[in-house]
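Quick note: the coordinates plus some simple rules give every number you see, no bench work behind them. Values in this document were obtained by computation on a predicted structure and should not be read as measured data. Cβ coordinates were reconstructed from backbone atoms using ideal geometry, including for glycine residues, and neighbour counts include every protein chain displayed.
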Amino acid sequence: MKIRKEIDQLVVDFIDYGPTIPPEKSPLVFNRGVRLEKGKTKGRGLGLAIVKRIAEAHNGQVGVLPNKPQGNIFYLTLPK
């Protein structure tokens, strides 16, 4: 986890080194019930959807970017 202070917001980056989420699927992981890897993981696909709703309730944003060479960077921005 890495926290960055920018002019008007705080950015929290969560970095993983698992399979990289394809760019066309990255917006989908924040929807309820979406799990990209069926059968390998437990859960209902609610975690990131809940994070998105909480972030938006506080005028923040969430997203995911590819982490080179492998993995993802999930980020959360919140206004100062």
Checklist entry - So how long is each side of the chain along the principal axes, counting just the alpha-carbon atoms, biggest first, in Å? => result 41, 30, 21
Checklist entry - If r is the Cβ-Cβ distance from V12 to V34 and R0 is 25 Å, what FRET efficiency results, to the nearest 0.05? => result 0.70
Checklist outcome for this item: Here FRET efficiency (C-beta to C-beta, L46 to K80, R₀ 25 Å, nearest 0.05) is 0.30
